[in-house]
Amino acid sequence: MENRLNLSHKIIFSIIICCFFAANVFGQEKEEAEQSNAPFVFFLPAGYDYIHLDKQSVHSFAVGAGFLSGEQDIAFTELHRRFFGLVLYQPFFFTEEPQSGVPKQFHQIDAILDGRINRHQLLIIFKSAADKPIAGGLSTFQAGIGWGYEIIRKRQVLVIIGGALAVSDFGITLPSRAALPILPLPLIRFGIDTQWFVSSFNFLTGPNFSFTIAPKEKYRFTAEMRMDKYRNINDFIYEYTLWYRLFNADHKWGDFTGIGAGIKHDTKDFILSHNSTHFEPQHTSVFASIDLSILRIQGGWIFNSDYLIDGTKGSGPGKGWYVSIQGMIPVYSKK
């Protein structure tokens with residue numbers, strides 16, 4: 001069975017970025033952070049991506065809205081209430097038809113509500129990546145709701161176990177020949193937070209793992225990995241970055257800016273609404289980044305790219321380069 005409820009990595013990365021963002025905005029002085037560790041911020045994320053390849057160019061912009069509230073930058077045992085919400089819309093415009101019968105325009109919608117109250121975890125997600133989002137039918141979107149309980153609650157370690165219900169076209173047919181639209185899934189979260197190592201593991205329909213080595217040092221290494229499918233090594237999605245931060249974590253301005261270089265492999269999975277065909281562009285690249293916390297600019301060289309149609313490779317678009325600009329505009333904040 002092919003499970004198509006894939007929790008978007010952009011949403012997961014946005015949670016991490018927003019946590020850093022809140023800590024920087026509300027933690028200008030160490031004393032202030034100790035007095036107020038439960039801010040509320042409403043923000044508008046936006047971005048633009050451009051990919052230029054030998055046989056193709058792709059334009060994409062992103063707009064959305066989100067909020068972050070509750071206790072931030074504290075030990076796991078001190079956390080009582082934290083909420084994060086985000087809705088993001090991102091269309092993709094191909095200058096040439098990627099493959100015969102594949103349209104030149106796609107739409108991606110991501111939404112998440114991630115809440116913690118004491119040891120209880122609430123997670124609601126929605127994702128659509130198709131030529132006709134939502135309107136194309138059950139196969140063009142995925143939704144899920146989950147609950148978990150923190151079975152291990154230590155200062156540097158947490159483990160959350162629970163379950164979720166997912167709604168989509170899972171390709172499962174009942175004896176009555178009707179499609180099964182609802183599927184139960186496990187919900188697993190695991191975190192470590194120490195002086196020299198910070199990590200986060202999430203499993204809903206597939207593993208999502210990220211970690212940082214030396215998170216409070218100027219030189220640090222970050223890794224983000226996930227798998228949505230399990231066909232071959234090309235389904236392994238990753239981004240590894242070596243960073244140099246211009247300020248120490250305990251600087252009065254906060255750890256808000258840095259430069260980095262790395263390598264990544266990324267893929268998208270779009271659905272054609274009329275026949276449920278999967279169109280998957282994949283790229284592998286080396287890159288450089290400038291990170292200003294609420295603004296990140298990344299550019300790189302794509303040395304390998306492929307188009308997959310229902311898992312079968314088509315004619316690749318060639319080599320090229322890309323640039324990505326992602327930012328967040330704080331609209332309202334309150335300590």
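Which of the chymotrypsin sites (Phe, Trp or Tyr not before Pro) across the stretch 170-247 are loop residues per DSSP, with 14 or fewer other Cβ within 10 Å?
Trp196, Tyr230, Phe247
May I ask you to list the trypsin sites (Lys or Arg not before Pro) in the stretch 102-194 that are in a DSSP loop and have at most 14 other Cβ atoms within 10 Å of their Cβ?
When the trypsin sites (Lys or Arg not before Pro) of the stretch 102-194 are filtered for loop state and at most 14 Cβ neighbours within 10 Å, Lys104, Lys154, Arg155, Arg177 remain.
Please work out whether the chain counts as rounded, prolate or oblate from its C-alpha gyration tensor, where a ≥ b ≥ c are the square roots of the eigenvalues and a/c under 1.5 means rounded, while otherwise a/b larger than b/c means prolate and anything else oblate?
The shape class here is oblate.
Excluding Asn118 itself, calculate the net charge of residues whose Cβ lies under 10 Å from the Cβ of Asn118, where each Lys or Arg counts +1 and each Asp or Glu counts -1.
Around Asn118, the charge tally is +3.
I'd like the orientation of helix 9-26 relative to the chain: the angle between its Cα long axis and the longest Cα principal axis, in ° from 0 to 90, rounded to 10.
The answer is roughly 20 degrees.
Tell me the mean residue ellipticity at 222 nm calculated for the chain from its helices only (DSSP H runs of n ≥ 4, each -39500 (n - 2.57), averaged over every residue, nearest 500).
Estimated from H runs of four or more residues: -2000 deg cm²/dmol.
Around Pro281, under 10 Å between beta carbons, what's the net of Lys plus Arg minus Asp minus Glu among the other residues?
Every neighbour counted, the sum reads -3.
Coordinate-derived values only; no laboratory data. What you are looking at is a predicted structure, and each value in this text was computed from that prediction instead of being measured. All Cβ positions, even for glycine, are placed from backbone atoms using ideal geometry, and neighbour counts span all protein chains on display.
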